[in-house]
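> Pasting in a structure now, in structure tokens, and then I'll have a few things to ask.
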Amino acid sequence: MNGTEQGSYDAVIVGAGFSGLYMLHKLRGLGLSARIYEAGTGVGGTWYWNRYPGARVDIESQEYSYSFSPELEDEWVWSERYATQPELLRYLNHVADRFDLRRDIQLETRVVTAHFNEGTNRWTATTDRGETITARYCVMATGCLSVPNDASFPGMETFQGKSWHTNSWPRDGVDFKGQRVAVIGTGSSAIQSIPVIAAEADHVTVFQRTPNFSIPAHNGPVDAEISADWKANRAQRRKEQRETGFGSLMITPGETLALEDTPESRQANYQARWDVGGFALLGGYADLIVDTDANDTAAEFVRGKIREIVKDPVVAEKLAPKSFPIGSKRICVDTGYYDTFNRDNVSLVDLRDEALEAITTTGVRTTAANYEADTIVYAIGFDAMTGALGKVDIRGRGGESLKAGWEDGPRTYLGLMVAGFPNLFLVTGPGSPSVLCNMAVAIEQHVEWISDCIGWVGARQMGAIEATAAAQDAWVEHVNEVAEPTIFPLANSWYLGANVPGKPRVFMPYIGGFSTYRDKCNEVAANGYEGFAVSSDAR
Ligand code: NA7
């Protein structure tokens, strides 16, 4: 292995979020030199950037956290069921300190190119600071939701007030007192922030293009009994978590079918799951994600809740999603979202009735009216899953560009590697469970698989490992095959790239279930990295 002379490492890691931090720790454990390059001024990835009011995780914190270190687990106590962004950021900073990671992290540096050199079997990366780094392995720990959707509303630049994208929120926060605020978008970021902004602002106007299903978090202190159970049985709970389809014990899967249950019993089941909160409802019955009629029973339950909570029936109907199955877009997990529409200082503009025409100097203009605003919040989402990979000019064998090769949609083997791109690893890449799994669980599994793979290659003094085209083709076909009979292709979601104009409509995550996927990855490794070609060092 190579030494650590300036600019030359065994591995270059792009991104210092959940993935990058653990990747660095694991590679150090193999005795390798690795360096993280991170665009932000601090570590934390998603939890560094998304500082909008109300930002918090949508999986319970004891599950959405690292499991690799029992000591870390014992010493870190979450203050709420669903940690806030500041608490998550403190946690990731603590991890960086605790494992002495900072000395190998270079902040405020964006990797702009990464090219594979077939002569040396090494990657050469360049940064926006003009540095050149070479490394045998290149790990893209760039996150699934890290490139904000391009907000190109006509007239945006003329707006006289302040405007913010939820993903690039100012570090010192925003003072909404006395402000008229326009929020564009009603995805998770908007649904989390609107109740908090409304509590402070003079008036909030919400611009909704498509309503989303949201379920209360029932957030609060971690239940003492649950906390004690996790403390006493942590290893077992973590094991159980990895054996689930979604990497979380919250979504206990029902084995019966919704349509075979009586309406009364169904209602009771959904109510019990609504009371648990978050994603629990989706596990209600075995057929919810494969049968649209079954799915509609759950969707109707939530629409009923919206009608119950929101006092104005016209507003309630506008907020009730009817154009896609529940769960086919990521369910939102909220604190007081629907109830916020009962406030006098909150109004809803349905962009399906009056299209958004332009941003003006004083607010937002639709085909029906001008809405004055002092501040505009763009909560319009991300170029998901492939966005961050496309921002780096990645070139593999023969100078082939990853972005060009993915013009019709991403193609990977297991979401981990790409044919023609030796020694390039993707953490939670397209074609892996990623966003359909508790991300912390998905990330740990990938990081561990990647580090095992690198250890295996290194121990055999091999130069490069890469996915074969045949294995990749078969995997892509399998990813599509398992998605096809489900409800997922039925929504215009970011899972399909449908939220970004011009992006190919391809279902990107793997819906075959996390535990099944993990078994497959383990089997591939146990069979001597089946579907991968390994070449000896060319130098
Ligand atoms: P999402 O879930 O992609 O939501 C973005 C929202 O912005 C959604 O309501 C969009 O409506 C809306 N949007 C996007 N572009 C426009 C334009 N041009 N005009 C009007 N409205 C628009 O992103 P989030 O940041 O809220 O959440 C992303 C994930 O982060 C979430 O799933 C959690 O995992 C955490 P549309 O539905 O496209 O009609």
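Yes or no, residue by residue, for (1) under 21 Å from the mean Cα position of the chain (by Cα); (2) aromatic (Phe, Trp, Tyr); (3) within 30 Å of residue 148 (Cβ to Cβ); (4) in the same structural domain as residue 118 (by TED's automatic domain parsing):
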| site | (1), (2), (3), (4) |
| --- | --- |
| 458 | no, no, no, yes |
| 468 | no, no, no, yes |
| 473 | no, no, no, yes |
| 481 | no, no, no, yes |
| 492 | yes, no, yes, yes |
| 495 | yes, yes, yes, yes |
| 499 | yes, no, yes, yes |
| 516 | yes, no, no, yes |
| 523 | no, no, no, yes |
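> Still on this structure, I have one more. Report, ordered by the first and then the second residue, all pairs with beta carbons closer than 9 Å, sequence separation of six or more or different chains, a first member in segment 493-506 that is among the charged types (D, E, K, R), and a second member that is within 11 Å of the ligand (Cβ to nearest atom) and open to solvent by 30 Å² or more (accessible area, probe 1.4 Å).
Pairs that qualify, where the first residue is among the charged types (D, E, K, R) and the partner is within 11 Å of the ligand (Cβ to nearest atom) and open to solvent by 30 Å² or more (accessible area, probe 1.4 Å), are 503/383; 505/492; 505/498.
> Look through 373, 368 and report the one residue that is small (Gly, Ala, Ser), open to solvent by less than 40 Å² (accessible area, probe 1.4 Å) and either within 30 Å of residue 52 (Cα to Cα) or touching a His at 6+ places or on another chain (Cβ under 8 Å) (or both).
Selected residue: 373, the only one of 373, 368 that is small (Gly, Ala, Ser), open to solvent by less than 40 Å² (accessible area, probe 1.4 Å) and either within 30 Å of residue 52 (Cα to Cα) or touching a His at 6+ places or on another chain (Cβ under 8 Å) (or both).
> Follow-up question, since we're still on this one. Among the numbered criteria (1) within 11 Å of the ligand (Cβ to nearest atom); (2) outside any loop (DSSP other than H, G, I, E, B); (3) under 27 Å from residue 15 (Cα atoms), which one does residue 144 miss?
(2)
> Another question about this same structure. For the condition open to solvent by 70 Å² or more (accessible area, probe 1.4 Å), within 12 Å of the ligand (Cβ to nearest atom) and either in contact with a Lys or Arg (Cβ under 9 Å, 6 or more places away or on another chain) or not in a loop (DSSP other than H, G, I, E, B) (or both), what is the one hit in 300, 357?
Residue meeting the stated conditions: 357.
> When the residues of segment 16-53 are filtered to those that are in a helix (DSSP H, G or I) and of a type in the set (Phe, Trp, Tyr), which remaining residue is farthest from residue 83 (Cα to Cα)?
22
> Still on this structure, I have one more. In this structure, does residue 129 turn out to be touching a helix residue (DSSP H, G or I) at 6+ places or on another chain (Cβ under 7 Å), open to solvent by 70 Å² or more (accessible area, probe 1.4 Å), more than 16 Å from the ligand (Cβ to nearest atom) and not assigned by TED's automatic domain parsing to the domain that holds residue 280?
The answer is no for residue 129.
> State the number of residues belonging to segment 266-283 that are polar (S, T, N, Q) and open to solvent by 50 Å² or more (accessible area, probe 1.4 Å).
2
> Follow-up. Could you please let me know if residue 126 is assigned to a strand (DSSP E or B), closer than 27 Å to residue 418 by Cα and among the hydroxyl-bearing types (Ser, Thr, Tyr)?
yes
> Further question on the same structure: Look at segment 149-179 and say how many of its residues are within 14 Å of the ligand (Cβ to nearest atom), in a loop (DSSP other than H, G, I, E, B) and closer than 17 Å to residue 363 by Cβ.
Of the residues in segment 149-179, 4 are within 14 Å of the ligand (Cβ to nearest atom), in a loop (DSSP other than H, G, I, E, B) and closer than 17 Å to residue 363 by Cβ.
> With the condition kept exactly as written, say whether any residue in segment 233-244 is farther than 28 Å from residue 21 by Cα and either of a type in the set (A, V, I, L, M, F, W, C) or surrounded by 14 or more Cβ atoms within 10 Å (Cβ to Cβ) (or both).
Among the residues of segment 233-244, not one is farther than 28 Å from residue 21 by Cα and either of a type in the set (A, V, I, L, M, F, W, C) or surrounded by 14 or more Cβ atoms within 10 Å (Cβ to Cβ) (or both), which makes the answer no.
> Could you grab me the full set of residues in segment 360-407 that are within 16 Å of the ligand (Cβ to nearest atom), in a loop (DSSP other than H, G, I, E, B) and under 24 Å from the mean Cα position of the chain (by Cα)?
379, 380, 381, 383, 384, 385, 386
The values are calculated or read from the model by the stated rules, or taken from the named source; none is laboratory data. Quantities reported herein were computed from a predicted structural model and do not represent experimental measurements. In this analysis, Cβ positions are derived from the backbone assuming ideal geometry, glycine residues included, and neighbour counts consider all displayed protein chains. Heavy atoms of the whole protein, side chains included, go into the accessibility calculation; ligands, DNA and RNA do not. Shrake-Rupley method; radii C 1.70, N 1.55, O 1.52, S 1.80 Å.
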